[in-house]
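S.K.: Shown below is the structure under consideration.
The values are calculated or read from the model by the stated rules, or taken from the named source; none is laboratory data. Only a predicted model underlies this, so the values are computations on that prediction, with no experimental measurement involved. Here the Cβ is made from the backbone with ideal geometry for all residues, glycine too, and neighbour counts use every protein chain on show. We work out accessible area using only protein heavy atoms, side chains counted, and drop any ligands, DNA or RNA first. Shrake-Rupley method; radii C 1.70, N 1.55, O 1.52, S 1.80 Å.
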Amino acid sequence: MNEQGRRRLGVLIGVGLACGLLPGITLGGTETADIVFSVLMAAVVMTVLTQVIFIGPSGRVPVSALLVFGLVGFVQDALIWWLLSWLGPKIAPLHVDGLLTILLAALITRATLLLLSQLGPAAEMAED
């Protein structure tokens, strides 16, 4: 799997984990189709915006660079989850409640994305 595929998979898994683990994210209705549609819409919005403005390593990097990428990416993901908290009810039965939920969802999403980016094939370490 190439780098973009790992990023997309990381976003998809991260959004799925955030939607499943956080009680502040409500996936509308009891119908399975509504739940799947809500997660899919959140994943599509997150994937498109993280692909347009990509913040992250392209391969393995030293821990100091990974922390910087993680912090800046966390801010980006928090802004996207904030957008989803506003946009979610308009495009899908998705509700994101509160700033704490937004920050935790961003943390889960970015941590998953960074983890998968570092599990890729051994590449040369970036020079400091």
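S.K.: Does at least one position in region 34-53 carry a residue that is open to solvent by 40 Å² or more (accessible area, probe 1.4 Å) and of a type in the set (Asp, Glu)?
M.R.: Residues of region 34-53 open to solvent by 40 Å² or more (accessible area, probe 1.4 Å): 34-37, 40-41, 44, 48-49, 51-53.
Subsequent filtering for residues that are of a type in the set (Asp, Glu) retains 34.
Yes, that holds for at least one residue.
S.K.: Check whether at least one residue in region 18-25 is assigned to a strand (DSSP E or B) and at pLDDT 85 or above, and report yes or no.
M.R.: Within region 18-25, the first condition is being assigned to a strand (DSSP E or B), and the residues that meet it are 25.
Those left that are additionally at pLDDT 85 or above: 25.
Yes.
S.K.: Any idea which residue in region 1-18 is farthest from the chain's Cα centre (by Cα), counting only those that are open to solvent by less than 10 Å² (accessible area, probe 1.4 Å) and not aliphatic (A, V, I, L, M)?
M.R.: Start the filter on region 1-18 by keeping residues that are open to solvent by less than 10 Å² (accessible area, probe 1.4 Å), which leaves 10-11, 14-15, 18.
Narrowing the set further to residues that are not aliphatic (A, V, I, L, M) leaves 10, 14.
Details: GLY10: 7, GLY14: 5 Å.
In this case the residue turns out to be GLY10.
S.K.: If you don't mind, there's one more thing I want to ask. Please tell me if SER64 is surrounded by fewer than 20 Cβ atoms within 10 Å (Cβ to Cβ), assigned to a helix (DSSP H, G or I) and either modelled with pLDDT under 90 or in contact with a strand residue (DSSP E or B) (Cβ under 8 Å, 6 or more places away or on another chain) (or both).
M.R.: So SER64 fits the description; yes.
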